[in-house]
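The structure under discussion appears below in the form of C-alpha coordinates.
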(Lines give C-alpha, C1' and ligand atoms only; values in the text may rest on other atoms or scores of the structure.)
Protein backbone atom coordinates (compact mmCIF):
# COMPACT_ATOMS: atom_id res chain seq x y z
CA UNK A 1 0.00 0.00 0.00
CA UNK A 2 1.29 3.41 -0.86
CA UNK A 3 -0.20 6.38 0.96
CA UNK A 4 0.71 9.29 3.20
CA UNK A 5 -2.75 9.74 4.57
CA UNK A 6 -3.96 8.65 7.98
CA UNK A 7 -6.08 5.50 8.01
CA UNK A 8 -8.02 3.84 10.78
CA UNK A 9 -6.69 0.49 11.90
CA UNK A 10 -9.46 -1.73 10.42
CA UNK A 11 -9.04 -0.06 7.02
CA UNK A 12 -5.27 -0.52 7.06
CA UNK A 13 -5.84 -4.17 7.93
CA UNK A 14 -8.39 -4.59 5.16
CA UNK A 15 -6.13 -3.02 2.53
CA UNK A 16 -3.24 -5.26 3.60
CA UNK A 17 -5.46 -8.35 3.47
CA UNK A 18 -6.71 -7.37 0.02
CA UNK A 19 -3.16 -6.93 -1.26
CA UNK A 20 -2.08 -10.24 0.20
CA UNK A 21 -5.07 -12.22 -1.06
CA UNK A 22 -4.73 -10.86 -4.58
CA UNK A 23 -0.93 -10.51 -4.54
CA UNK A 24 -1.25 -6.98 -5.83
CA UNK A 25 -0.54 -3.35 -4.83
CA UNK A 26 -3.03 -0.61 -3.99
CA UNK A 27 -2.31 3.11 -4.19
CA UNK A 28 -4.65 5.66 -2.61
CA UNK A 29 -5.07 8.96 -4.37
CA UNK A 30 -6.95 12.07 -3.30
CA UNK A 31 -8.26 14.28 -6.11
CA UNK A 32 -10.48 17.38 -5.91
CA UNK A 33 -12.46 16.37 -9.01
CA UNK A 34 -12.95 12.70 -8.03
CA UNK A 35 -16.43 11.16 -8.19
CA UNK A 36 -18.21 11.26 -4.79
CA UNK A 37 -18.31 7.45 -4.62
CA UNK A 38 -14.63 7.20 -5.53
CA UNK A 39 -13.13 5.42 -8.51
CA UNK A 40 -11.30 2.14 -8.75
CA UNK A 41 -8.76 1.80 -11.53
CA UNK A 42 -7.74 -1.83 -11.34
CA UNK A 43 -5.33 -4.24 -12.95
CA UNK A 44 -8.18 -6.58 -13.93
CA UNK A 45 -9.76 -3.93 -16.17
CA UNK A 46 -6.82 -1.88 -17.37
CA UNK A 47 -3.33 -2.81 -18.36
CA UNK A 48 -1.67 -1.50 -15.19
CA UNK A 49 0.86 -2.72 -12.66
CA UNK A 50 -1.02 -1.57 -9.57
CA UNK A 51 -4.54 -0.66 -8.49
CA UNK A 52 -5.51 2.92 -7.73
CA UNK A 53 -8.38 4.03 -5.52
CA UNK A 54 -9.26 7.68 -6.09
CA UNK A 55 -11.54 9.66 -3.79
CA UNK A 56 -12.59 13.30 -3.36
CA UNK A 57 -10.10 15.62 -1.68
CA UNK A 58 -12.65 16.70 0.92
CA UNK A 59 -12.99 13.11 2.18
CA UNK A 60 -10.45 13.14 4.98
CA UNK A 61 -11.77 10.79 7.63
CA UNK A 62 -14.42 8.10 7.75
CA UNK A 63 -15.92 9.12 4.38
CA UNK A 64 -12.55 8.28 2.84
CA UNK A 65 -12.37 5.03 4.81
CA UNK A 66 -15.79 4.00 3.55
CA UNK A 67 -14.86 4.66 -0.09
CA UNK A 68 -11.70 2.59 0.40
CA UNK A 69 -13.62 -0.27 2.05
CA UNK A 70 -16.14 -0.30 -0.79
CA UNK A 71 -13.55 -0.16 -3.56
CA UNK A 72 -11.35 -2.81 -1.91
CA UNK A 73 -14.37 -5.13 -1.72
CA UNK A 74 -15.05 -4.48 -5.40
CA UNK A 75 -11.39 -5.18 -6.15
CA UNK A 76 -11.53 -8.46 -4.22
CA UNK A 77 -14.59 -9.56 -6.22
CA UNK A 78 -12.89 -8.75 -9.52
CA UNK A 79 -9.56 -10.26 -8.49
CA UNK A 80 -11.08 -13.46 -7.11
CA UNK A 81 -13.10 -13.90 -10.31
CA UNK A 82 -9.97 -13.35 -12.43
CA UNK A 83 -8.12 -15.92 -10.35
CA UNK A 84 -10.82 -18.57 -10.15
CA UNK A 85 -13.12 -18.54 -13.15
CA UNK A 86 -12.19 -15.52 -15.28
CA UNK A 87 -13.42 -11.98 -14.80
CA UNK A 88 -16.04 -10.86 -17.32
CA UNK A 89 -18.17 -7.76 -17.60
CA UNK A 90 -21.36 -6.83 -19.39
CA UNK A 91 -20.24 -5.68 -22.82
CA UNK A 92 -21.88 -5.10 -26.20
CA UNK A 93 -21.17 -5.55 -29.89
CA UNK A 94 -22.68 -4.22 -33.11
CA UNK A 95 -25.45 -6.81 -33.16
CA UNK A 96 -26.45 -6.40 -29.51
CA UNK A 97 -26.48 -2.60 -29.86
CA UNK A 98 -28.84 -2.98 -32.82
CA UNK A 99 -31.17 -5.24 -30.85
CA UNK A 100 -31.24 -2.85 -27.91
CA UNK A 101 -31.77 0.28 -29.97
CA UNK A 102 -34.48 -1.38 -32.04
CA UNK A 103 -36.43 -2.36 -28.95
CA UNK A 104 -36.09 1.13 -27.48
CA UNK A 105 -37.30 2.57 -30.80
CA UNK A 106 -40.41 0.36 -30.84
CA UNK A 107 -41.20 1.36 -27.27
CA UNK A 108 -40.61 5.02 -28.13
CA UNK A 109 -43.06 4.71 -31.03
CA UNK A 110 -45.73 3.30 -28.73
CA UNK A 111 -45.18 6.19 -26.33
CA UNK A 112 -45.07 8.84 -29.02
CA UNK A 113 -48.49 7.75 -30.27
CA UNK A 114 -49.96 8.75 -26.89
CA UNK A 115 -48.11 12.07 -26.56
CA UNK A 116 -49.50 15.46 -27.53
CA UNK A 117 -46.07 16.96 -27.89
CA UNK A 118 -43.94 14.80 -30.18
CA UNK A 119 -40.21 14.50 -29.75
CA UNK A 120 -38.18 15.98 -32.66
CA UNK A 121 -36.78 13.19 -34.85
CA UNK A 122 -33.15 14.16 -34.22
CA UNK A 123 -33.69 13.98 -30.44
CA UNK A 124 -35.47 10.66 -30.78
CA UNK A 125 -32.56 9.19 -32.71
CA UNK A 126 -30.03 10.46 -30.17
CA UNK A 127 -32.09 9.05 -27.34
CA UNK A 128 -31.89 5.46 -28.61
CA UNK A 129 -28.21 4.92 -27.97
CA UNK A 130 -28.16 7.20 -24.96
CA UNK A 131 -30.73 5.00 -23.23
CA UNK A 132 -28.96 1.83 -24.34
CA UNK A 133 -25.75 3.09 -22.73
CA UNK A 134 -27.53 4.23 -19.62
CA UNK A 135 -28.82 0.73 -18.99
CA UNK A 136 -25.44 -0.75 -19.85
CA UNK A 137 -23.77 1.45 -17.24
CA UNK A 138 -26.47 0.75 -14.67
CA UNK A 139 -26.33 -3.01 -15.18
CA UNK A 140 -22.56 -2.97 -14.82
CA UNK A 141 -22.79 -1.09 -11.55
CA UNK A 142 -26.10 -1.45 -9.80
CA UNK A 143 -26.19 -5.22 -9.07
CA UNK A 144 -22.75 -4.98 -7.42
CA UNK A 145 -23.82 -2.13 -5.19
CA UNK A 146 -26.00 -4.14 -2.75
CA UNK A 147 -23.38 -6.91 -2.69
CA UNK A 148 -20.52 -4.57 -1.81
CA UNK A 149 -22.59 -2.58 0.67
CA UNK A 150 -23.91 -5.64 2.49
CA UNK A 151 -20.40 -7.06 2.78
CA UNK A 152 -18.93 -3.77 4.08
CA UNK A 153 -21.81 -3.41 6.53
CA UNK A 154 -21.18 -6.79 8.11
CA UNK A 155 -17.39 -6.67 8.06
CA UNK A 156 -16.77 -3.01 8.98
CA UNK A 157 -18.98 -2.24 11.91
CA UNK A 158 -17.32 1.11 12.66
CA UNK A 159 -18.31 2.45 9.24
CA UNK A 160 -22.05 1.91 9.57
CA UNK A 161 -23.03 5.52 10.31
CA UNK A 162 -20.85 6.72 7.43
CA UNK A 163 -22.38 4.10 5.16
CA UNK A 164 -25.90 5.20 6.01
CA UNK A 165 -25.09 8.80 5.11
CA UNK A 166 -23.53 7.79 1.76
CA UNK A 167 -26.41 5.43 0.92
CA UNK A 168 -29.03 8.06 1.65
CA UNK A 169 -27.15 10.53 -0.50
CA UNK A 170 -26.72 8.00 -3.35
CA UNK A 171 -30.37 6.92 -3.11
CA UNK A 172 -31.63 10.46 -3.53
CA UNK A 173 -29.24 11.15 -6.39
CA UNK A 174 -30.13 7.95 -8.24
CA UNK A 175 -33.82 8.63 -7.87
CA UNK A 176 -33.39 12.18 -9.19
CA UNK A 177 -31.36 11.00 -12.16
CA UNK A 178 -33.36 11.10 -15.41
CA UNK A 179 -36.21 12.99 -13.68
CA UNK A 180 -35.75 15.91 -16.05
CA UNK A 181 -36.13 13.46 -18.96
CA UNK A 182 -39.24 11.79 -17.63
CA UNK A 183 -41.45 13.27 -20.35
CA UNK A 184 -38.95 12.61 -23.14
CA UNK A 185 -37.86 9.00 -22.76
CA UNK A 186 -40.31 6.10 -23.16
CA UNK A 187 -42.17 5.51 -19.89
CA UNK A 188 -41.00 1.89 -19.73
CA UNK A 189 -37.32 2.88 -19.43
CA UNK A 190 -37.89 5.58 -16.88
CA UNK A 191 -39.84 3.09 -14.78
CA UNK A 192 -37.27 0.30 -15.16
CA UNK A 193 -34.39 2.59 -14.26
CA UNK A 194 -36.14 3.88 -11.14
CA UNK A 195 -37.28 0.36 -10.24
CA UNK A 196 -33.71 -0.92 -10.09
CA UNK A 197 -32.66 1.81 -7.67
CA UNK A 198 -35.85 1.42 -5.67
CA UNK A 199 -35.22 -2.34 -5.31
CA UNK A 200 -31.59 -1.77 -4.36
CA UNK A 201 -32.51 0.71 -1.63
CA UNK A 202 -35.26 -1.53 -0.33
CA UNK A 203 -32.93 -4.53 -0.29
CA UNK A 204 -30.31 -2.55 1.62
CA UNK A 205 -32.94 -1.19 4.01
CA UNK A 206 -33.90 -4.76 4.84
CA UNK A 207 -30.39 -6.20 4.88
CA UNK A 208 -28.42 -3.54 6.74
CA UNK A 209 -31.02 -2.86 8.36
CA UNK A 210 -31.72 0.86 8.13
CA UNK A 211 -35.27 2.17 8.09
CA UNK A 212 -34.12 5.50 6.72
CA UNK A 213 -33.20 3.81 3.45
CA UNK A 214 -36.78 2.91 2.63
CA UNK A 215 -37.55 4.81 -0.59
CA UNK A 216 -41.17 5.27 0.44
CA UNK A 217 -39.95 7.08 3.52
CA UNK A 218 -37.06 8.97 2.10
CA UNK A 219 -37.55 9.71 -1.60
CA UNK A 220 -39.90 12.68 -2.07
CA UNK A 221 -41.61 11.22 -5.17
CA UNK A 222 -42.21 7.91 -3.40
CA UNK A 223 -43.45 9.23 -0.06
CA UNK A 224 -47.05 9.34 -1.20
CA UNK A 225 -47.09 5.55 -1.53
CA UNK A 226 -46.29 4.96 2.11
CA UNK A 227 -49.37 3.82 4.03
CA UNK A 228 -51.49 3.95 0.89
CA UNK A 229 -54.13 1.24 1.01
CA UNK A 230 -54.04 -1.46 -1.66
CA UNK A 231 -57.58 -0.70 -2.75
CA UNK A 232 -56.77 2.95 -3.08
CA UNK A 233 -53.62 2.11 -5.00
CA UNK A 234 -55.52 -0.03 -7.47
CA UNK A 235 -58.45 2.26 -8.03
CA UNK A 236 -57.03 5.75 -8.11
CA UNK A 237 -54.88 7.80 -10.39
CA UNK A 238 -51.70 6.49 -8.72
CA UNK A 239 -51.67 3.46 -10.99
CA UNK A 240 -50.99 5.79 -13.93
CA UNK A 241 -47.97 7.57 -12.52
CA UNK A 242 -44.44 6.53 -13.44
CA UNK A 243 -43.38 6.60 -9.79
CA UNK A 244 -46.11 4.23 -8.72
CA UNK A 245 -45.23 1.90 -11.59
CA UNK A 246 -41.59 2.09 -10.46
CA UNK A 247 -42.72 0.88 -7.05
CA UNK A 248 -44.60 -2.08 -8.55
CA UNK A 249 -41.70 -3.12 -10.81
CA UNK A 250 -39.24 -2.37 -8.03
CA UNK A 251 -41.06 -4.74 -5.67
CA UNK A 252 -40.60 -7.50 -8.27
CA UNK A 253 -36.94 -6.65 -8.68
CA UNK A 254 -36.53 -6.80 -4.92
CA UNK A 255 -37.81 -10.38 -5.04
CA UNK A 256 -35.13 -11.15 -7.64
CA UNK A 257 -32.44 -9.56 -5.48
CA UNK A 258 -33.55 -11.45 -2.38
CA UNK A 259 -33.63 -14.71 -4.29
CA UNK A 260 -30.08 -14.36 -5.58
CA UNK A 261 -28.49 -12.63 -2.62
CA UNK A 262 -28.96 -15.33 -0.03
CA UNK A 263 -25.35 -15.01 1.06
CA UNK A 264 -23.52 -15.32 4.38
CA UNK A 265 -22.25 -11.72 4.53
CA UNK A 266 -20.08 -12.29 7.56
CA UNK A 267 -17.70 -14.99 6.33
CA UNK A 268 -13.91 -14.61 6.61
CA UNK A 269 -12.07 -13.09 3.65
CA UNK A 270 -10.98 -15.68 1.10
CA UNK A 271 -10.66 -15.90 -2.67
CA UNK A 272 -13.36 -18.58 -2.80
CA UNK A 273 -15.78 -16.36 -0.91
CA UNK A 274 -15.28 -13.39 -3.25
CA UNK A 275 -15.37 -15.61 -6.34
CA UNK A 276 -18.73 -16.82 -5.09
CA UNK A 277 -19.89 -13.21 -4.65
CA UNK A 278 -18.88 -12.56 -8.26
CA UNK A 279 -20.96 -15.52 -9.50
CA UNK A 280 -23.87 -14.28 -7.40
CA UNK A 281 -23.59 -10.83 -8.99
CA UNK A 282 -23.44 -12.26 -12.51
CA UNK A 283 -26.49 -14.46 -11.91
CA UNK A 284 -28.46 -11.58 -10.42
CA UNK A 285 -27.51 -9.29 -13.33
CA UNK A 286 -28.72 -11.96 -15.77
CA UNK A 287 -31.99 -12.30 -13.87
CA UNK A 288 -32.54 -8.52 -13.91
CA UNK A 289 -31.75 -8.37 -17.63
CA UNK A 290 -34.18 -11.21 -18.21
CA UNK A 291 -36.90 -9.43 -16.21
CA UNK A 292 -36.37 -6.24 -18.22
CA UNK A 293 -36.22 -8.21 -21.52
CA UNK A 294 -32.74 -6.93 -22.22
CA UNK A 295 -30.98 -10.27 -22.39
CA UNK A 296 -29.91 -9.94 -26.01
CA UNK A 297 -28.71 -6.36 -25.52
CA UNK A 298 -25.55 -7.30 -23.67
CA UNK A 299 -22.91 -10.02 -23.65
CA UNK A 300 -20.50 -11.19 -20.94
CA UNK A 301 -16.99 -10.59 -22.19
CA UNK A 302 -13.47 -9.84 -21.01
CA UNK A 303 -12.81 -6.24 -19.99
CA UNK A 304 -10.71 -5.66 -23.13
CA UNK A 305 -13.81 -6.39 -25.19
CA UNK A 306 -15.74 -3.68 -23.38
CA UNK A 307 -12.92 -1.15 -23.69
CA UNK A 308 -12.78 -1.85 -27.45
CA UNK A 309 -16.60 -1.64 -27.68
CA UNK A 310 -16.56 1.75 -25.97
CA UNK A 311 -14.09 2.99 -28.58
CA UNK A 312 -16.36 1.68 -31.32
CA UNK A 313 -19.55 3.01 -29.72
CA UNK A 314 -20.20 5.73 -32.32
CA UNK A 315 -19.71 3.23 -35.17
CA UNK A 316 -22.08 0.73 -33.55
CA UNK A 317 -24.67 3.45 -33.04
CA UNK A 318 -24.52 4.57 -36.67
CA UNK A 319 -24.65 0.99 -37.95
CA UNK A 320 -27.71 0.26 -35.80
CA UNK A 321 -29.50 3.42 -36.95
CA UNK A 322 -28.78 2.49 -40.56
CA UNK A 323 -30.14 -1.01 -40.01
CA UNK A 324 -33.31 0.25 -38.31
CA UNK A 325 -34.09 3.15 -40.63
CA UNK A 326 -32.28 2.21 -43.86
CA UNK A 327 -31.62 5.10 -46.24
CA UNK A 328 -34.01 7.37 -44.36
CA UNK A 329 -31.34 7.93 -41.75
CA UNK A 330 -29.11 10.02 -43.99
CA UNK A 331 -31.79 12.68 -44.24
CA UNK A 332 -32.02 12.96 -40.47
CA UNK A 333 -28.49 12.66 -39.06
CA UNK B 1 7.20 44.52 0.21
CA UNK B 2 8.65 41.33 1.83
CA UNK B 3 5.22 40.54 3.29
CA UNK B 4 3.40 40.68 -0.04
CA UNK B 5 6.23 38.72 -1.67
CA UNK B 6 5.95 36.08 1.08
CA UNK B 7 2.18 35.79 0.50
CA UNK B 8 2.78 35.45 -3.23
CA UNK B 9 5.30 32.66 -2.64
CA UNK B 10 2.92 30.90 -0.21
CA UNK B 11 0.13 30.98 -2.79
CA UNK B 12 2.46 29.52 -5.38
CA UNK B 13 3.49 26.80 -2.95
CA UNK B 14 -0.17 25.95 -2.19
CA UNK B 15 -0.79 25.69 -5.91
CA UNK B 16 2.16 23.30 -6.28
CA UNK B 17 0.98 21.22 -3.31
CA UNK B 18 -2.50 20.89 -4.86
CA UNK B 19 -0.82 19.68 -8.03
CA UNK B 20 1.30 17.23 -5.98
CA UNK B 21 4.47 19.04 -7.12
CA UNK B 22 6.09 18.87 -3.72
CA UNK B 23 9.69 19.54 -4.76
CA UNK B 24 8.64 22.76 -6.45
CA UNK B 25 6.59 23.70 -3.38
CA UNK B 26 9.60 23.12 -1.12
CA UNK B 27 11.85 25.31 -3.27
CA UNK B 28 9.34 28.17 -3.16
CA UNK B 29 8.79 27.79 0.60
CA UNK B 30 12.54 27.80 1.26
CA UNK B 31 12.58 31.22 -0.40
CA UNK B 32 9.57 32.38 1.62
CA UNK B 33 11.17 31.31 4.91
CA UNK B 34 14.46 33.00 3.99
CA UNK B 35 12.56 36.18 3.17
CA UNK B 36 10.49 36.19 6.37
CA UNK B 37 11.41 33.52 8.96
CA UNK B 38 8.80 34.87 11.38
CA UNK B 39 5.90 33.92 9.12
CA UNK B 40 4.30 30.82 10.69
CA UNK B 41 2.33 29.87 7.60
CA UNK B 42 5.46 29.32 5.50
CA UNK B 43 6.74 26.81 8.08
CA UNK B 44 3.34 25.14 8.21
CA UNK B 45 3.13 24.81 4.42
CA UNK B 46 6.64 23.40 4.26
CA UNK B 47 5.63 20.82 6.87
CA UNK B 48 2.63 19.88 4.70
CA UNK B 49 4.86 19.33 1.66
CA UNK B 50 7.36 17.34 3.71
CA UNK B 51 4.67 15.02 5.04
CA UNK B 52 3.66 14.24 1.46
CA UNK B 53 7.33 13.47 0.77
CA UNK B 54 7.42 11.19 3.81
CA UNK B 55 9.95 13.42 5.59
CA UNK B 56 8.05 13.15 8.84
CA UNK B 57 10.78 14.15 11.32
CA UNK B 58 11.57 17.27 9.26
CA UNK B 59 7.85 18.06 9.07
CA UNK B 60 7.62 17.93 12.88
CA UNK B 61 10.56 20.34 13.14
CA UNK B 62 8.81 22.75 10.73
CA UNK B 63 5.56 22.51 12.70
CA UNK B 64 7.46 23.33 15.87
CA UNK B 65 8.90 26.43 14.20
CA UNK B 66 5.38 27.49 13.20
CA UNK B 67 4.08 26.85 16.72
CA UNK B 68 6.97 28.75 18.31
CA UNK B 69 5.81 31.78 16.33
CA UNK B 70 2.11 31.17 16.95
CA UNK B 71 1.28 28.60 19.66
CA UNK B 72 -2.44 28.80 18.78
CA UNK B 73 -1.94 27.80 15.16
CA UNK B 74 -4.51 24.96 15.06
CA UNK B 75 -3.59 23.68 11.57
CA UNK B 76 0.05 23.38 12.57
CA UNK B 77 -0.96 21.24 15.57
CA UNK B 78 -2.98 19.01 13.24
CA UNK B 79 -0.03 18.64 10.86
CA UNK B 80 2.27 17.85 13.75
CA UNK B 81 -0.19 15.20 14.94
CA UNK B 82 -0.26 13.70 11.46
CA UNK B 83 3.55 13.54 11.20
CA UNK B 84 3.77 11.98 14.67
CA UNK B 85 1.08 9.44 13.74
CA UNK B 86 3.14 8.39 10.72
CA UNK B 87 6.12 7.83 13.02
CA UNK B 88 3.80 5.71 15.20
CA UNK B 89 4.28 8.07 18.14
CA UNK B 90 0.66 7.81 19.15
CA UNK B 91 0.81 9.46 22.58
CA UNK B 92 2.36 12.77 21.41
CA UNK B 93 0.20 12.58 18.26
CA UNK B 94 -2.88 12.32 20.46
CA UNK B 95 -1.71 15.32 22.51
CA UNK B 96 -1.18 17.39 19.34
CA UNK B 97 -4.52 16.42 17.79
CA UNK B 98 -6.29 17.17 21.09
CA UNK B 99 -4.67 20.62 21.14
CA UNK B 100 -5.72 21.14 17.51
CA UNK B 101 -9.33 20.15 18.11
CA UNK B 102 -9.48 22.36 21.20
CA UNK B 103 -8.24 25.36 19.23
CA UNK B 104 -10.49 24.59 16.28
CA UNK B 105 -13.41 22.30 17.14
CA UNK B 106 -14.44 22.27 13.46
CA UNK B 107 -11.29 20.59 12.18
CA UNK B 108 -12.47 17.15 10.98
CA UNK B 109 -8.88 16.00 10.37
CA UNK B 110 -7.84 16.74 13.94
CA UNK B 111 -10.78 14.72 15.31
CA UNK B 112 -10.07 11.86 12.94
CA UNK B 113 -6.36 11.66 13.85
CA UNK B 114 -7.41 11.82 17.50
CA UNK B 115 -9.74 8.87 16.84
CA UNK B 116 -6.99 6.84 15.17
CA UNK B 117 -4.50 7.52 17.97
CA UNK B 118 -7.05 6.60 20.65
CA UNK B 119 -7.83 3.41 18.74
CA UNK B 120 -4.13 2.55 18.54
CA UNK B 121 -3.83 3.18 22.28
CA UNK B 122 -6.69 0.79 22.95
CA UNK B 123 -9.18 3.48 24.03
CA UNK B 124 -11.95 2.37 21.71
CA UNK B 125 -14.86 4.14 23.42
CA UNK B 126 -13.10 7.50 23.33
CA UNK B 127 -12.03 6.77 19.76
CA UNK B 128 -15.64 6.25 18.77
CA UNK B 129 -16.58 9.67 20.14
CA UNK B 130 -13.74 11.34 18.23
CA UNK B 131 -14.70 9.49 15.01
CA UNK B 132 -18.33 10.53 15.42
CA UNK B 133 -17.33 14.18 15.77
CA UNK B 134 -15.05 13.90 12.74
CA UNK B 135 -17.83 12.30 10.67
CA UNK B 136 -20.31 14.99 11.67
CA UNK B 137 -17.91 17.70 10.45
CA UNK B 138 -17.08 15.79 7.27
CA UNK B 139 -20.76 15.45 6.42
CA UNK B 140 -21.31 19.20 6.89
CA UNK B 141 -18.35 19.81 4.57
CA UNK B 142 -19.64 17.27 2.06
CA UNK B 143 -23.11 18.84 1.97
CA UNK B 144 -21.49 22.23 1.29
CA UNK B 145 -19.36 20.72 -1.52
CA UNK B 146 -22.41 19.02 -2.98
CA UNK B 147 -24.20 22.38 -2.99
CA UNK B 148 -21.28 23.95 -4.86
CA UNK B 149 -21.31 21.09 -7.41
CA UNK B 150 -25.04 21.52 -8.04
CA UNK B 151 -24.71 25.31 -8.43
CA UNK B 152 -21.97 24.77 -11.06
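Taken over the range A:266-280, residues that are in contact (Cβ under 8 Å) with a residue 12 or more places away in the chain and part of a loop (DSSP other than H, G, I, E, B) amount to 3. Taking the criterion of being surrounded by 14 or more Cβ atoms within 10 Å (Cβ to Cβ) and out of contact with any helix residue (DSSP H, G or I) (no Cβ under 9 Å at 6 or more places or on another chain), the only residue of the range B:141-152 that qualifies is B:145. Would you pick out the residues in the range A:79-101 that are in contact with a helix residue (DSSP H, G or I) (Cβ under 8 Å, 6 or more places away or on another chain), closer than 20 Å to residue A:287 by Cα and outside any loop (DSSP other than H, G, I, E, B)? Matches in the range A:79-101: A:81, A:89, A:90, A:91, A:97, A:100. Screening residue A:283 on (1) crowded, with 16+ Cβ neighbours inside 10 Å; (2) within 19 Å of the chain's Cα centre (by Cα); (3) assigned to a helix (DSSP H, G or I) shows it passes everything except condition (1).
Return the residues of the range B:87-108 that are surrounded by fewer than 24 Cβ atoms within 10 Å (Cβ to Cβ), within 12 Å of chain A (Cβ to nearest Cβ) and under 13 Å from the mean Cα position of the chain (by Cα); say none if nothing qualifies. Matches in the range B:87-108: B:107 only.
Could you check how many residues of the range B:38-55 are touching a residue at least 12 places away in the same chain (Cβ under 8 Å) and part of a loop (DSSP other than H, G, I, E, B)?
Filtering the range B:38-55 for residues touching a residue at least 12 places away in the same chain (Cβ under 8 Å) gives B:38-54.
Applying the additional criterion that residues be part of a loop (DSSP other than H, G, I, E, B) yields B:38-39, B:53-54.
Adding up the residues that qualify gives 4.
Checking each residue in the range A:6-36 for being in contact (Cβ under 8 Å) with a residue 24 or more places away in the chain, under 19 Å from residue A:159 (Cα atoms) and surrounded by fewer than 18 Cβ atoms within 10 Å (Cβ to Cβ) picks out A:10, A:17. Considering A:237, A:200, A:188, the condition of being more than 17 Å from the chain's Cα centre (by Cα) and at pLDDT 65 or above is satisfied by A:188 alone.
Is there a residue in the range A:103-126 that is within 23 Å of residue A:73 (Cα to Cα) and surrounded by 20 or more Cβ atoms within 10 Å (Cβ to Cβ)? The answer is no, given that none of the residues of the range A:103-126 is within 23 Å of residue A:73 (Cα to Cα) and surrounded by 20 or more Cβ atoms within 10 Å (Cβ to Cβ). Set side by side, the residues B:111, B:77 differ, and just one is more than 10 Å from every other protein chain (Cβ to nearest Cβ), at pLDDT 95 or above and buried (at least 20 other Cβ atoms within 10 Å of the Cβ), which is B:77. Can you find even one residue in the range A:155-170 that is crowded, with 20+ Cβ neighbours inside 10 Å, on the phi < 0 side of the Ramachandran plot and within 12 Å of the chain's Cα centre (by Cα)? No, every residue in the range A:155-170 fails to be crowded, with 20+ Cβ neighbours inside 10 Å, on the phi < 0 side of the Ramachandran plot and within 12 Å of the chain's Cα centre (by Cα). Every residue in the range B:118-140 that is buried (at least 17 other Cβ atoms within 10 Å of the Cβ) and facing chain A (nearest Cβ under 9 Å), please. B:119, B:120, B:127, B:131, B:134, B:135, B:137, B:138, B:139 - these are the residues of the range B:118-140 that are buried (at least 17 other Cβ atoms within 10 Å of the Cβ) and facing chain A (nearest Cβ under 9 Å).
A quick yes/no check of all residues on (1) modelled with pLDDT under 95; (2) more than 14 Å from every other protein chain (Cβ to nearest Cβ); (3) over 22 Å from the mean Cα position of the chain (by Cα); (4) within 17 Å of residue A:145 (Cα to Cα):
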site	(1), (2), (3), (4)
A:57	yes, no, yes, no
A:76	no, yes, no, yes
A:100	no, yes, no, no
A:115	yes, yes, yes, no
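Here residue A:58 passes the criteria (1) more than 24 Å from residue A:305 (Cα to Cα); (2) surrounded by fewer than 17 Cβ atoms within 10 Å (Cβ to Cβ) except the one numbered (2). Taken over the range A:133-170, residues that are within 14 Å of chain B (Cβ to nearest Cβ) and assigned to a helix (DSSP H, G or I) amount to 14. Of A:3, A:39, all but one fail to be closer than 20 Å to residue B:53 by Cβ and either surrounded by fewer than 17 Cβ atoms within 10 Å (Cβ to Cβ) or without any contact (Cβ under 8 Å) to a residue 40 or more places away in the chain (or both); the exception is A:3. For the range A:2-15, filtered to residues that are closer than 15 Å to residue A:67 by Cβ and outside any helix (DSSP H, G or I), the residue that is farthest from the other protein chains (Cβ to nearest Cβ) is A:3.
In this structure, is residue A:63 assigned to a strand (DSSP E or B), over 18 Å from the mean Cα position of the chain (by Cα) and in contact (Cβ under 8 Å) with a residue 12 or more places away in the chain? No: the conditions fail for residue A:63. Considering only residues in the range A:26-43 that are in a loop (DSSP other than H, G, I, E, B) and modelled with pLDDT of 95 or more, the one that is nearest to residue A:171 (Cα to Cα) turns out to be A:42. Applying the criterion of being more than 11 Å from chain B (Cβ to nearest Cβ) and assigned to a helix (DSSP H, G or I) to the residues of the range A:171-180, the residue that is modelled with the highest pLDDT is A:171.
Quick check on the range B:1-20: of everything there that is surrounded by fewer than 16 Cβ atoms within 10 Å (Cβ to Cβ) and in contact with a helix residue (DSSP H, G or I) (Cβ under 8 Å, 6 or more places away or on another chain), which residue is modelled with the lowest pLDDT? Can you show your working first?
Keep residues of the range B:1-20 that are surrounded by fewer than 16 Cβ atoms within 10 Å (Cβ to Cβ), which gives B:1-5, B:7-8, B:11, B:15, B:18-20.
If we keep only those that are in contact with a helix residue (DSSP H, G or I) (Cβ under 8 Å, 6 or more places away or on another chain) too, we end up with B:2, B:5, B:20.
Numbers: B:2: 64, B:5: 91, B:20: 85.
Top of the filtered list is B:2.
Here the range B:21-55 is the region considered, the condition is being within 14 Å of another protein chain (Cβ to nearest Cβ) and out of contact with any helix residue (DSSP H, G or I) (no Cβ under 7 Å at 6 or more places or on another chain), and the residue that is farthest from residue A:57 (Cα to Cα) is B:55. Being within 23 Å of the chain's Cα centre (by Cα), part of a helix (DSSP H, G or I) and either within 14 Å of chain B (Cβ to nearest Cβ) or farther than 27 Å from residue A:283 by Cβ (or both) is the requirement here; does residue A:130 meet it? Spelling it out, residue A:130 is indeed within 23 Å of the chain's Cα centre (by Cα), part of a helix (DSSP H, G or I) and either within 14 Å of chain B (Cβ to nearest Cβ) or farther than 27 Å from residue A:283 by Cβ (or both).
The values are calculated or read from the model by the stated rules, or taken from the named source; none is laboratory data. Owing to the predicted nature of the structure, the values given are computational and were not obtained by experimental measurement. Every residue, glycine among them, receives a Cβ derived from its backbone with ideal geometry; neighbour counts consider all protein chains shown.
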